[in-house]
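Remarks on the structure that follows.
Bear in mind these aren't lab numbers, they're just calculated from the coordinates by the rules spelled out. Keep in mind it's a predicted model, so treat the numbers as computed, not measured. Using ideal geometry, Cβ is built from the backbone for each residue, glycine included, and neighbour counts are taken over all protein chains shown.
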Amino acid sequence: MDRQQEFVLRTIEERDVRFVRLWFTDVVGSLKSVALAPAEVEGAFEEGLGFDGSAIEGLARVFESDMLAQPDPSTFQILPWRGETEQTSRMFCDILTPDGEPSAADPRNVLKRTLAKAADMGFTCYTHPEIEFYLLKSQDPGPDGAPVPVDEGGYFDHVPGGVAQDFRRTAVTMLESVGISVEFSHHEAGPGQNEIDLRYADALQTADNIMTFRTVIKEVALQQGTYATFMPKPFTAHPGSGMHTHFSLFEGDTNAFYEAGAEYQLSKTARQFIAGVLKHAPEFTAVTNQFVNSYKRLWGGGEAPSYLSWGHNNRSALVRVPLYKPGKGQSARIEYRGIDSAANPYLAYAVLLGAGLKGIEEGYDLPAAAEDDVWSLSSAERRAMGHDPLPASLHDAIRSMEDSDLMPQILGEQVFEHFLRNKRAEWQDYRLQVTPYELQRNLGIL
């Protein structure tokens, strides 16, 4: 038994932890949880916990249903929202096959495989997400059928006595108590919309942190009598909720994206990485923007990027190179602005990183940076500059992903097929719906 496992067992005993929750995600990023009695934890470390994988979206087919959840002791945390009495803790799990091999269908393992490839190329990947969400008065819509936000605040607004302010303070305190460092928190542009930015961490830890973050945000909202949603676009007239993520690659202690004196201080590695992300973005958009509603955000304005472009501090671009701070070469990074807050973080980071690594491997050339506001250009101007559109709907994104050679390599055939099957079913359900828009528009005149 290793030190981390011993630490977990000792902490469970000393803190009188009564329940140990094992967490993992299905293929679309829904959190799954099973509670263990403390006496069973040591056995779970040694042998894993058996469960029926065929009952979980995308994990196993019926004829190979037995799976093992192997807790990762480095992710052990007490869950503060469960209270001081009968304390509850959690650990993330890796999913294994009965013979102890990593499951090809486990989203966490997909990201681990991509990070292992980066390591083979000499890189460590760090990420820093800016997570947006809406705080609503309740899950129920108002009289007009639209959600009801908790306030009418806007970007960076300080709302005296505001519900969102108290909410953010409680949420940040709770996040830090489970080991998640927060860099910024503020009111976003939409009414009731908030943003909380997590501090840089390696990509696997960040993905784990995002899953914990969503749970904390939901729990704090419920405690305060409100409702938090990560739906990409809950309001027609207000901005969607993105999860802009900053990426950097390090070679040892050196930032591989930084080159003093180069244009925008960007190294050849960084330029090839961006080129890979842009080239393959249409193929992975179904993963980073996985719901029908995601495309209402991408094509609904409000600073959401809709075209393949990059730029230096250009907020209309899909990939933004943030302003370089003199003397801070270690902070050189790129920001991918397409991803939304509802993505499965393990798969989303795997495909983004995998596309960037492909650009480095193949030596892709980076097109010219977008100097203009990409939204204000005409279609002809965008075409002339090579700013092709992202997929306009989940259907288009599925088609682009189906035609990709790279996505099945990154995701593995099993996750690739299960993910596409899930998304095709969602699109089919959606296209059969008769919407309020159609009834309002057509019923009285046709």
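Each of GLY225, THR288, GLN272 was placed along the dipole of region 214-323 (beta-carbon charges, centred on the mean Cα), and the one lying farthest toward the positive end is GLY225. Once you divide the Cα radius of gyration of region 184-267 by 2.2 N^0.38 Å, the number left is 1.44.
The helix-only estimate of mean residue ellipticity at 222 nm for the chain, built from DSSP H runs of length n ≥ 4 each weighted as -39500 (n - 2.57), is -11500 deg cm²/dmol after division by the residue total.
Taking 18 Å as the cut-off, the amide N atoms of region 361-405 that come nearer than this to a point 7 Å along the Cα-to-beta-carbon line of THR435 belong to 391-398.
For region 113-438, the Cα-based Rg and Dmax, in that order, read 19.5, 58 Å.
Taking a straight line from the alpha carbon of LYS296, these lysines sit under 25 Å away, with near neighbours fewer than eight places off in the same chain left out: LYS137, LYS218, LYS233, LYS279, LYS423.
Kirkwood hydrodynamic radius of region 3-101 from all distinct Cα pairs, in Å? Can you show the working numbers first?
Details: mean 1/r = 0.0717 Å⁻¹.
One over the average 1/r among Cα pairs gives 13.9 Å for region 3-101.
Mind ranking 283-294, 310-321, 255-266 by how tightly packed they are, going by the mean number of other C-beta atoms within 10 angstrom, highest first? Write down the numbers at each step before the final one.
Working: 283-294: 24.0, 310-321: 21.3, 255-266: 16.7.
Packing order, densest peptide first, comes out as 283-294, 310-321, 255-266.
Taking amide H as placed 1.01 Å from N in the peptide plane, ASP340 has its amide H under 5 Å from the amide H of MET243, each at least 5 places away in sequence or on another chain. FRET efficiency for the VAL182 to LEU443 pair, using the beta carbon distance and R₀ = 56 Å, is estimated at 0.70. Shown for SER177, SER241, SER306: other C-beta atoms within 10 Å of each C-beta, ranked fewest to most, produce the order SER177, SER306, SER241. Averaging 1/r across all pairs of distinct Cα atoms in region 258-345 and inverting the result yields a Kirkwood radius of 13.9 Å. In region 76-200, the convex hull through the Cα atoms has an average projected area of 12.3 nm², a quarter of its surface area.
How high is the FRET efficiency between ALA39 and GLU402 when r is their beta carbon distance and R₀ equals 56 Å, given to the nearest 0.05?
Working: r = 48 Å, r/R0 = 0.85.
In this case the efficiency is close to 0.70.
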